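Below is one structure, written out as structure tokens; the observations come after it.
Values in this text are rule-based calculations from the coordinates and carry no lab data. Since we're looking at a predicted model, the values are computed, not measured. Note that we place each Cβ from the backbone using ideal geometry, even for glycine, and neighbour counts take in every protein chain shown.
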Amino acid sequence: MQIRNLLPTDYPAVAAIYQQAIDDGNITLAMKTSTWEDWDADHLPNLRFVLEEEGLVLAWVALSPVLQRTGYQGVAELSVYVDQAAQGRGLGPQLMDFIIGESERQCIWTILSFIFPENVRSIKLHEKFGFRILGTQEKAAQLRGVWRDNTIMERRSKQLI
């Protein structure tokens, strides 16, 4: 098992894993996966990785800029997804540990996550890695005609701040 940089050729597997989260209905507000070009433009080039085993992508993690304004270059939003067939093997924690280390090496001082309050498993994973709940964004957006809240979580670097 290894974690490595995400390549354009990995995107079909990345999109398939993300589609599982979309189909779940309790993980993301997205209704469909993006094209590679849109996904590539939305994520920081040096902070996106896959976890693979025997050439098979089992999970992925990436950071996206939160704001494009000057001064916010060190603030990013986290995405971490594990293939349903590989869940329960500790891959999420491996990716969280890895992305936190990489983010600090690349001067990211704040990582944000927006998580449905019902996604307790994800909230607990984030807390394990030093994220704290900032609050709840009520009725953040509609998903399939239902208003959904977001729990906003934040991890601040102890090395960079």
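What nm value, rounded to one decimal, do you get for the distance between L56 and D23 when each label is placed 7 Å out toward the C-beta?
Placing both labels 7 Å beyond Cα along the Cβ direction yields 1.6 nm.
Starting from the Cα-Cα distance between Q84 and T136, subtract it from 0.36 nm times their residue separation and give me the gain in nm to one decimal.
16.0 nm
Hey, which lysines would be in cross-link range of K158, C-alpha to C-alpha under 29 Å, not counting anything within fewer than 8 residues on its own chain?
Within reach: K124, K128.
Choose one of F49, N5, Q106: the residue whose Cα lies farthest towards the positive end of the charge dipole of the chain (beta-carbon charges +1 Lys, Arg; -1 Asp, Glu; about the Cα centre).
Result: Q106, furthest along the dipole toward the positive end.
Compute the distance in nm between two label points, each set 7 Å from the Cα along the Cα-to-Cβ direction, one at K128 and one at L7.
3.0 nm
From the helices alone, meaning DSSP H stretches of at least four residues, give me the mean residue ellipticity at 222 nm for the chain, per-run term -39500 (n - 2.57), in deg cm²/dmol to the nearest 500.
So the helix-based figure for the chain works out to -8500 deg cm²/dmol.
If you take every DSSP beta bridge whose two residues both sit in the chain, what share of them, in percent to the nearest 5, is antiparallel?
In the chain, DSSP labels about 90 percent of beta bridges as antiparallel.
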